[in-house]
Amino acid sequence: MEQLLPPMVLVLAFVGVTLLAQTLLSLAFTARDGAHRVNRRLTMMAKGVPQAEIYAKLVRHPKTGWVSRSQFAALHDRAALFCRQAGLSVGPMRIVGVVAAAAGGLWLVSLLFLRASPVSTPFSQTLMAAFGAISLSAAVAAIWIAQRRAGRLCKLEDQLPLALDIMVRALKAGHPVVSAVNLVTQEMPDPIGTEFGIVMDETTYGGEFKDALHSLAVRTGSKDIAFFSVSVAIQAETGGNLAEILGSLAAVIRGRATLSKRIRSLSSEGRMSAMILSLLPIICVSIVSAFNPEFYTNKFSDPAFWPIVGGIVLLYLLGQLMIRRIVKFKY
């Protein structure tokens, strides 16, 4: 085992550095491009990329293959949609690979700490260190993706009232609704400019306009965009003044956004306390498991250890449910 450890460290260190460099370069290029474009779709069209290829890159349907034939296909699709809503250009399998590489590197670092101290039960401590490394890496990745999704959704909903105002002015000027949506794709930046551009592409390829709006609501995960989709679909079936409907919807969305920001400002201390109470046990247990697994492995033989662990996990889940009900506001 000790003879194989240095080559394993070198290989996983190389993989980790390569993935880290690729991620940093991707973020750097994305930030540089964002300073010179209105939105991604217009930038790709200006470069002469065919419209079919633009649509395929922006929508990013989950890849078919062994995943689509496995029992995890539904879970993979949900994870792919979550990554899509976070604005990531990679799929869940790529993220799992990055997390596995990070966990492997962290696990090898913890093994170096174990070699520096006498170990009474090397196998159980090695497994405990692997558990801690995987838990810590997965927790960091999940928090990062969730925060990125929440930020993108917040930005999307902040842009939606202005996009509706553009559509209202276009409709009052005599443009059809599809032309009004196309005007949003030309005037609004990411993310709403590109998302509405995908609606135009789906309509261009022969899809129903209301179906494209429904896909937009599912793709973004925004309740406000779902209201917009339903409003347009109902108006198409029953008729009415669409400009007036969208104007009222924009006013309602602005009011909900104002109320939401007021609630978030008043509850910021409680939400921060809830986040710390939720994450601190997981992070502490993961760090101790990775770098000092003997703290837990010495208690494995105690008959009271596992019932106590089960009780703690049950109480933690119950506490999470209570905290979520306290800090989750419906308005």
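Structure above, values below:
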| item | result |
| --- | --- |
| Residue check for residue 112: outside any loop (DSSP other than H, G, I, E, B) and either over 13 Å from the mean Cα position of the chain (by Cα) or modelled with pLDDT under 85 (or both) | yes |
| Where a residue in segment 141-159 is at negative phi and its partner, wherever it lies, is of a type in the set (D, E, K, R) and crowded, with 16+ Cβ neighbours inside 10 Å, with Cβ under 6 Å and at least six apart | 157/224 |
| Check on residue 282, surrounded by fewer than 19 Cβ atoms within 10 Å (Cβ to Cβ) and either at pLDDT below 90 or among the hydroxyl-bearing types (Ser, Thr, Tyr) (or both) | yes |
| Conditions (1) closer than 30 Å to residue 280 by Cα; (2) at pLDDT 85 or above; (3) surrounded by 15 or more Cβ atoms within 10 Å (Cβ to Cβ); (4) polar (S, T, N, Q): number failed by residue 147 | (3) |
| Hey, residue 251 under 30 Å from residue 218 (Cβ atoms), touching a helix residue (DSSP H, G or I) at 6+ places or on another chain (Cβ under 7 Å) and among the small types (Gly, Ala, Ser) or not | no |
| Some residue of segment 292-299 being surrounded by 13 or more Cβ atoms within 10 Å (Cβ to Cβ) and modelled with pLDDT of 85 or more | no |
| Answer residue from segment 158-215, given it is of a type in the set (D, E, K, R) and outside any helix (DSSP H, G or I) and is surrounded by the fewest Cβ atoms within 10 Å (Cβ to Cβ) among those | 208 |
| Per-region count, segment 276-293, residues under 22 Å from residue 108 (Cβ atoms) and either in contact with a Cys (Cβ under 9 Å, 6 or more places away or on another chain) or not hydroxyl-bearing (Ser, Thr, Tyr) (or both) | 10 |
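The values are calculated or read from the model by the stated rules, or taken from the named source; none is laboratory data. These figures come from a predicted structure and were not determined experimentally. Because the Cβ atoms are built from the backbone with ideal geometry, glycine has one as well, and the counts that use them run over all protein chains shown.
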